[in-house]
Amino acid sequence: MRREIHSWWSHRLQKEMPIAVYGHYGFAVLIFPTAAADFLELERFQMIHVLAPLIESGKCKVFSINTVNSESWLNNHMNPYDKGVRHQAFNEYVVEEVVPFIHDDCKGLVSIITSGASVGALHAANSFFRRPDIFSGTIAMSGIYDLRYYTKGYFDDNVYFNSPAHYLPGWNDEYMLNKMCEGKIVIASGQGDYEDPGASVYLSGILNNKGINHWLDLWGHDMRHDWPTWRQMLPYFISKM
């Protein structure tokens, strides 16, 4: 399997931002790490191992990036307003730097599916819903989509526009809504320990009210909020795409 590590200085984030690439062919899967983890988390928790058959057969290419969670929503020592500003810079990094890198690496405008688990699911879903004209879908696993869960109740415009549970109900841009409907949307959750399937059900209800096609998939009560669950989910959903 092709495995390459790339890195560049992001002027938007004012720091070096690495990215791991796995595979040669197929649609791109852009994966956001959990919590304050890094771009190599997928290797440490054997996700790349379970995805290997799909990667090696040319079904998909995987791109794993860092976030700035520890410099924004998960930093308890920052001013809440500054957290939102920092995250908006991260959004710009993803759209203006990571997406062009993926297209360049794939030698064309390949479809990009976002994915992630836990906090990564929020980032994956948020990235797709904000820019369905750029991304082709999302596989969000075990996420909570009301950003106030991470802001401890703080709320401003930056929170609103990064909280799908808030901005999606009022989204009335017909072009963007049509793009969402064209996308492949998976909202998945286990129902075991530390999972919050109600968050996925709530997001699904919003999407239903907006007429946005999606797949809500709740797995069993033995599927807990942990890597064994996500190692089963992600290969399954990618294979269906």
Worksheet item: Given the residues 221, 214, 225, which is the only one that is modelled with pLDDT of 95 or more and touching a helix residue (DSSP H, G or I) at 6+ places or on another chain (Cβ under 6 Å)?
Response: 214
Response to the item:
Of the residues in segment 99-127 that are of a type in the set (S, T, N, Q) and assigned to a strand (DSSP E or B), the one that is farthest from residue 237 (Cα to Cα) is 114
Worksheet item: What pairs can you find where one residue is in segment 55-74 and closer than 17 Å to residue 126 by Cβ and of a type in the set (Ser, Thr, Tyr), the other is assigned to a strand (DSSP E or B) and modelled with pLDDT under 95, and their Cβ atoms are less than 9 Å apart, with a gap of 6+ or different chains?
Response: none
Worksheet item: Tell me, which residue of segment 14-71 that is touching a strand residue (DSSP E or B) at 6+ places or on another chain (Cβ under 9 Å) and aromatic (Phe, Trp, Tyr) is nearest to residue 107 (Cα to Cα)?
Response: 25
Worksheet item: Any chance segment 133-150 includes a residue that's under 18 Å from residue 65 (Cβ atoms), out of contact with any His (no Cβ under 6 Å at 6 or more places or on another chain) and of a type in the set (Asp, Glu)?
Response: no
Discussion item. Please verify whether residue 35 is closer than 18 Å to residue 236 by Cα and of a type in the set (Gly, Ala, Ser), treating the condition exactly as stated.
Written reply: no
Worksheet item: If you take the residues in segment 188-241 that are more than 17 Å from the chain's Cα centre (by Cα), part of a loop (DSSP other than H, G, I, E, B) and among the hydrophobic types (A, V, I, L, M, F, W, C), which one is surrounded by the fewest Cβ atoms within 10 Å (Cβ to Cβ)?
Response: 219
Practice prompt. Take segment 128-154 and flag every residue that is under 20 Å from residue 206 (Cα atoms) and among the hydrophobic types (A, V, I, L, M, F, W, C).
Written response: 128, 129, 135, 139, 140, 141, 144, 147
Worksheet entry | So residue 214, is it of a type outside the set (A, V, I, L, M) and either in contact with a Leu (Cβ under 9 Å, 6 or more places away or on another chain) or free of Cβ contacts under 8 Å to residues at least 40 places away in the same chain (or both) | yes
Worksheet item: Only one of (1) touching a residue at least 60 places away in the same chain (Cβ under 8 Å); (2) under 19 Å from residue 91 (Cβ atoms); (3) crowded, with 17+ Cβ neighbours inside 10 Å; (4) of a type outside the set (Gly, Ala, Ser) fails for residue 156. Which number is that?
Response: (3)
Fill in: Residue that is modelled with pLDDT of 95 or more, of a type outside the set (Gly, Ala, Ser) and surrounded by 15 or more Cβ atoms within 10 Å (Cβ to Cβ), where the choices are 3, 86, 44
86
Item to complete: From (1) touching a His at 6+ places or on another chain (Cβ under 9 Å); (2) under 24 Å from residue 41 (Cα atoms); (3) not charged (D, E, K, R), pick out the condition that doesn't hold for residue 128.
Response: (1)
Response to the item:
Picked from segment 121-148 (must be in contact with a Phe, Trp or Tyr (Cβ under 7 Å, 6 or more places away or on another chain) and among the aromatic types (Phe, Trp, Tyr)), the residue farthest from residue 98 (Cα to Cα) is 128
Discussion item. Of the conditions (1) part of a loop (DSSP other than H, G, I, E, B); (2) within 30 Å of residue 78 (Cα to Cα), residue 166 satisfies every one except a single condition; which number is it?
Written reply: (1)
Worksheet item: Can you spot a residue in segment 91-107 that is touching an Asp or Glu at 6+ places or on another chain (Cβ under 7 Å) and crowded, with 19+ Cβ neighbours inside 10 Å?
Response: no
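The values are calculated or read from the model by the stated rules, or taken from the named source; none is laboratory data. The shown structure was predicted, so the numbers you read here are calculated from the model rather than taken from an experiment. We place every Cβ from the backbone using ideal geometry, glycine too, and count neighbours over all the protein chains shown.
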